[in-house]
Ligand SMILES: *Cc1c(COP(=O)(O)O)cnc(C)c1O
């Protein structure tokens, strides 16, 4: 075995993406003990940083160790008891994931759907809430499988009116699109690092409202068969997971520092650096950079004569779906881009498998040069496969440059 030797790929798919260099450096930091005041000090810092990332004053803003779905699972498994009723509006693959996790938690899951490439009207969701009367509404904000961004702003008010816990998975969208936990009245949000935050996967920041925390703290709290004395008045069934038991995780992150897992310190260093990188540049500036890169990529794609997928009014800033032309072998194009150009773009799932590519411009890669290299390479590979196509050579790059130039004025 030799030392690690990876090709210098440019990751322009729907995530993961190349990390910010400073995030990679943070990951290589030497450890201290998990209760060393230096370490607990950094844990407190991370909580404060992610309150700013989430736009919230929620005390309970912590990391779940694991990839993004660890955050999803922790939030759902801790809140849901067998038989609880849940509403999951599904507009892409990750909606199905939320529904599946709720089902595994024993909940009665009601889904509503819109065609892939669309999002829900708040009224559709309100009607379903009225009909189903769920305990919890679980909805994705940005579903990378369709590139659509579900507006959440009006859903919190609906949930409060019907006394529903409001949860969103904002993994793919936060950092590149507006997100406002408190203003939108969310009770729980989970994210990951490997999309617009520019980190590796492996840490899932979550934020929880007092309302959510009160709900989960009421459930049985049992550690290794011994009833925990400071959780009186427990009601309902015991949380089915130890690792994802949010009351225990909060006790570990809280003043008590009750032992639970060993914090994944290297990932915490990454998560901290991702948040600092975002906040140093400024949340609005980072969103604007994602919007600009996304607009430039879209303009380039259209100038190449390719059709973007879905309702563009609701497209996420950080990823575009591209309809694969009928006369093109989509996988062969991806293969050549990867192996000859070192550029990765994404395929898709379910009903969109083989129908669209997904091209991301996220985090560190929401950059002009990354957009231009991708468009130039895609044009070349398309020309090689299809023969000369109509349109001016370099049209994709020119259109993307024009978007950047316009922005400069
Ligand atoms: C990419 C993505 C995830 C990723 O989950 P992992 O467990 O980190 O693979 C989760 N949710 C959404 C909406 C995503 O787009």
**Report entry** Prolate/oblate/rounded label for the chain (Cα gyration tensor, a/c 1.5)
**Finding:** prolate
**Report entry** Three principal axis lengths of region 109-228 [C-alpha, angstrom, descending]
**Finding:** 49, 40, 26
Query - Cα gyration tensor category, rounded, prolate or oblate, for region 1-112 with a/c compared to 1.5 - result: oblate
Query raised in the report: Going by how many other beta carbons lie within 10 Å of each one, how would you line up 344, 379, fewest first?
Result: 344, 379
Query - Ordering of 35-48, 107-120 by packing [mean C-beta count within 10 Å, highest first] - result: 107-120, 35-48
Query raised in the report: Each label point is 7 Å from the Cα along the Cα-to-Cβ direction; what then is the distance between the points at residue 355 and residue 307, in nm?
Result: 1.0
Query raised in the report: residue 262 to residue 408: FRET efficiency via 1/(1 + (r/R0)^6), r the Cβ-Cβ distance, R0 51 Å, to the nearest 0.05?
Result: 0.55
Report summary line: Applying the gyration tensor rule to the Cα atoms of region 282-408 (axes a ≥ b ≥ c; rounded if a/c under 1.5, else prolate if a/b exceeds b/c, else oblate), the class is prolate
Report summary line: For 167-175, 309-317, ranked highest to lowest by mean beta-carbon neighbours within 10 Å, the order is 167-175, 309-317
Report summary line: Residue separation between residue 162 and residue 279 times 0.36 nm, minus their alpha-carbon distance, gives in nm 38.6 nm
Query - Theoretical ellipticity at 222 nm over the chain - DSSP helices of four or more residues, -39500 (n - 2.57) apiece, nearest 500 - result: -13000 deg cm²/dmol
Query raised in the report: Roughly speaking, what is the stretch gain from residue 130 to residue 108, that is 0.36 nm per residue apart minus the C-alpha to C-alpha distance, in nm to one decimal?
Result: 6.3 nm
Requested in this report: Quickly rank 276-283, 81-88, 93-100 as a protection proxy: mean count of other C-beta atoms within 10 Å, highest first.
Outcome: 93-100, 81-88, 276-283
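Where a number appears in this text, it was derived from the coordinates with a stated rule and is not lab data. On a predicted model such as this, the values are computed, not experimentally measured, just so you know. When we count neighbours, we look across all protein chains shown, and the Cβ atoms used for this are built from the backbone with ideal geometry, even at glycine.
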